[in-house]
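Shown next, in structure tokens, is the structure this report addresses.
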Amino acid sequence: MAEGKIIKALSGFYYVLSEGQIIQCRGRGVFRAQKVTPLVGDHVVFEASSPTDGYIMEVRERKNELVRPPIANVDQAILVFSAAAPDFSAILLDRFLVLVEAKEIRPLIVVNKMDLLTEKTKPIVEKYIRDYRRIGYDVIETSTVTKSGVEQLLPYFEGKTSVFAGQSGVGKSSLLNALRPDLNLKTNDISLHLGRGKHTTRHVELIEIGGGLVADTPGFSALEFSDMEEEQLPYCFPEFVDRSHECKFRGCTHMAEPKCAVKQALEAGEIPAYRYDHYVRFMEEIKERKTRY
Ligand SMILES: Nc1nc2c(ncn2[C@@H]2O[C@H](COP(=O)(O)OP(=O)(O)O)[C@@H](O)[C@H]2O)c(=O)[nH]1
Ligand SMILES: [Mg+2]
Ligand SMILES: [Zn+2]
């Protein structure tokens, strides 16, 4: 028996990366009793029937799982935003950050298209970048046109399984092409939107970049908080977590409770108003969803 990671699933075969070799495996054996369908990203135990073929016997417990694209055990989400075209959106970034934090995936924020900033928009975007760095997030500024900052991304891939995320047109495919020119991904490709029908199977593959594995298809296309509980949300804002032990009430939700340290930090200008506003909006969304069912 050997172990490895599924990097591709196609026509009933699972391609398992194990000690630098790719073994073409069929799904058979005890994992069927586990009632799990192996996913790309799964850590599996397989039995080799030849140096290049084998059978998957067991799927190891998953750390997390994304639905679209279907991928397991994601360590890192590279949240790609653009400085312009489309404009930087803090509410969208906060939405991604919450979803990522809830799955215990480490976020890396990339602000691409830095070359498009003007004298007027530059201070606005730079302020956001400072704010997110102050929370403790890593933020990399890139341009795939001037290539500036792109190489700073490489060390972040090492030893991890990463997935790119971000709205259409921000430069995800361009960044992947800059990191791995042989990929030749289509840019300006809106087919992901058109291809969301039931009959289109979304194929995902893990590719090697910078000593790690990266999904060739962006993740987190569904941005609703469909499986999140109200109690979870405060934990998805790290700067709230840092202060919550100073709130008067244990389990403070930082909404209407008196002597709330988060509210105090907000009033003192230590937490930007937009972060708190987004928190309240997300809280309302979660509550509203719960009353619907
Ligand atoms: N000015 C500028 N344009 C970029 C940059 N990166 C990507 N683009 C352009 O933005 C458009 C969308 O890029 P694409 O990689 O397809 O975005 P995706 O939808 O996130 O995969 C394309 O026309 C790219 O050429 C950048 O850093 N600067
Ligand atoms: Mg793309
Ligand atoms: Zn509080």
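The values are calculated or read from the model by the stated rules, or taken from the named source; none is laboratory data. Given the structure is predicted, the values throughout are model-derived calculations rather than measurements. So basically every Cβ, Gly included, is an ideal-geometry build from the backbone, and we count neighbours across all protein chains shown. When the accessible area is computed, the model is the full protein with side chains, heavy atoms only, and any ligands, DNA or RNA have been set aside. Shrake-Rupley method; radii C 1.70, N 1.55, O 1.52, S 1.80 Å.
If the condition is being β-branched (Val, Ile, Thr) and not in a helix (DSSP H, G or I), then segment 116-134 contributes Thr118, Thr121. If you go through segment 156-187 and pick out every residue that is open to solvent by 20 Å² or more (accessible area, probe 1.4 Å) and either in contact with a helix residue (DSSP H, G or I) (Cβ under 9 Å, 6 or more places away or on another chain) or near ligand 1 (Cβ under 7 Å from one of its atoms) (or both), you end up with 14. From the list Leu79, Leu10, Leu66, Leu92, the one residue that fits, being within 15 Å of Gly219 (Cα to Cα) and either open to solvent by 60 Å² or more (accessible area, probe 1.4 Å) or modelled with pLDDT under 95 (or both), is Leu66. Among the strands (runs of 3 or more DSSP E) confined to segment 1-98, the ones with at least 1 residues that are polar (S, T, N, Q) are located at 13-18, 21-27, 76-82.
Being in a loop (DSSP other than H, G, I, E, B), modelled with pLDDT under 95 and open to solvent by less than 80 Å² (accessible area, probe 1.4 Å) is a condition met by at least one residue of segment 228-243. When Gly159 is tested against (1) under 19 Å from Leu97 (Cβ atoms); (2) in a loop (DSSP other than H, G, I, E, B), just one condition goes unmet, and that condition is (1). Say whether the condition of being more than 16 Å from ligand 2 (Cβ to nearest atom) and among the aromatic types (Phe, Trp, Tyr) is met by at least one residue in segment 75-86. Looking through segment 75-86, none of the residues is more than 16 Å from ligand 2 (Cβ to nearest atom) and among the aromatic types (Phe, Trp, Tyr). All conditions but one from (1) open to solvent by 10 Å² or more (accessible area, probe 1.4 Å); (2) more than 16 Å from ligand 3 (Cβ to nearest atom); (3) not acidic (Asp, Glu) apply to Gly219; the one that does not is (1).
As a summary of the residue check, Glu257 satisfies the conditions (1) part of a loop (DSSP other than H, G, I, E, B); (2) away from ligand 3 (no atom under 14 Å from the Cβ) except for the one numbered (2). Regarding segment 106-124, can at least one residue be identified that is assigned by TED's automatic domain parsing to the domain that holds Val163, more than 17 Å from Leu175 (Cα to Cα), modelled with pLDDT under 95 and surrounded by fewer than 17 Cβ atoms within 10 Å (Cβ to Cβ)? Checked against the condition, which is being assigned by TED's automatic domain parsing to the domain that holds Val163, more than 17 Å from Leu175 (Cα to Cα), modelled with pLDDT under 95 and surrounded by fewer than 17 Cβ atoms within 10 Å (Cβ to Cβ), segment 106-124 yields no hits at all.
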